[in-house]
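Asks: This structure is in structure tokens; I'll ask about it shortly.
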Amino acid sequence: MPDQRDKSPHVLNASSNLLGLCFIVLTSIRVFNLKEATLLDEIAMIAITMFMTSCVLSFLSIRGNTEKKNAKLEKIADVFFLSGLAMLFVAALFISFNIIR
């Protein structure tokens, strides 16, 4: 069976990149004073929290020295990563269908 920690660097890399994207979205909302976009603002904050948690757990999984604990941290990081992706998907749907203007 391949080493489970092989996925953690990829999750860490993707989470940190998407975390940056969420910060750009949040900053854009603030700069353009989009008062109607409060729902998008909330979704971006939830996604930021999810991706930040995923980054921390992935990092701890890489740095850990117990295989069982590392595998558990990696699984939890995957769940947070997928939750963050779901939040970004919802935000994209809202923007695409002009639910948030």
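Each value in this text was obtained by applying a stated rule to the coordinates, not by laboratory testing. The model shown is predicted, which means the values in this text are computed figures rather than measured ones. Every residue, glycine as well, gets a Cβ built from its backbone with ideal geometry; the counts of neighbours run over all protein chains shown.
Asks: So in region 29-77, with the set limited to residues that are hydroxyl-bearing (Ser, Thr, Tyr) and in a helix (DSSP H, G or I), which one is farthest from SER15 (Cα to Cα)? Lay out the reasoning, then the answer.
Replies: Within region 29-77, the subset hydroxyl-bearing (Ser, Thr, Tyr) is 38, 49, 53-54, 58, 61, 66.
Now restrict to residues that are in a helix (DSSP H, G or I): 38, 49, 53-54, 58, 61.
On the way: THR38: 24, THR49: 11, THR53: 9, SER54: 7, SER58: 9, SER61: 14 Å.
Here the answer is THR38.
Asks: Return the residues of region 30-85 that are touching a Phe, Trp or Tyr at 6+ places or on another chain (Cβ under 8 Å), closer than 15 Å to LYS7 by Cβ and among the aromatic types (Phe, Trp, Tyr); say none if nothing qualifies.
Replies: PHE80, PHE81
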